[in-house]
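The values are calculated or read from the model by the stated rules, or taken from the named source; none is laboratory data. Since we're looking at a predicted model, the values are computed, not measured. Because the Cβ atoms are built from the backbone with ideal geometry, glycine has one as well, and the counts that use them run over all protein chains shown.
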Amino acid sequence: GRAKDVALARQMVMFVMREEAQAPLQRIGQELGGRDHTTVLHGCDKIRGLVETDQAVRRDWMSIRERLYQNGRR
């Protein structure tokens, strides 16, 4: 449902912040509504696993990375 989609999107944001910005878990949690660092760690681990096993999530991740670096060059 919608709640699951929102949670997955939030977890992807956590993963992007961690992987690409090397942001600390506590800071990511603060930025995303005051979530605990363990929640952030769980979200990052979940997306990392999905990137390895789920084609759609992998495509989303690659698309986000491409956009980040494309926009950074402008």
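Assess whether Ala23 counts as being surrounded by 13 or more Cβ atoms within 10 Å (Cβ to Cβ) and more than 11 Å from the chain's Cα centre (by Cα). Working first, answer last.
Details: surrounded by 13 or more Cβ atoms within 10 Å (Cβ to Cβ): yes; more than 11 Å from the chain's Cα centre (by Cα): yes.
The answer is yes for Ala23.
I need a count of the residues in the range 22-40 that are under 14 Å from Arg10 (Cβ atoms) and hydroxyl-bearing (Ser, Thr, Tyr). Residues in the range 22-40 being under 14 Å from Arg10 (Cβ atoms) and hydroxyl-bearing (Ser, Thr, Tyr): 1 in total.
Examine the range 43-53 for a residue that is at pLDDT below 95 and out of contact with any Lys or Arg (no Cβ under 8 Å at 6 or more places or on another chain), and state whether such a residue exists. No, that holds for no residue.
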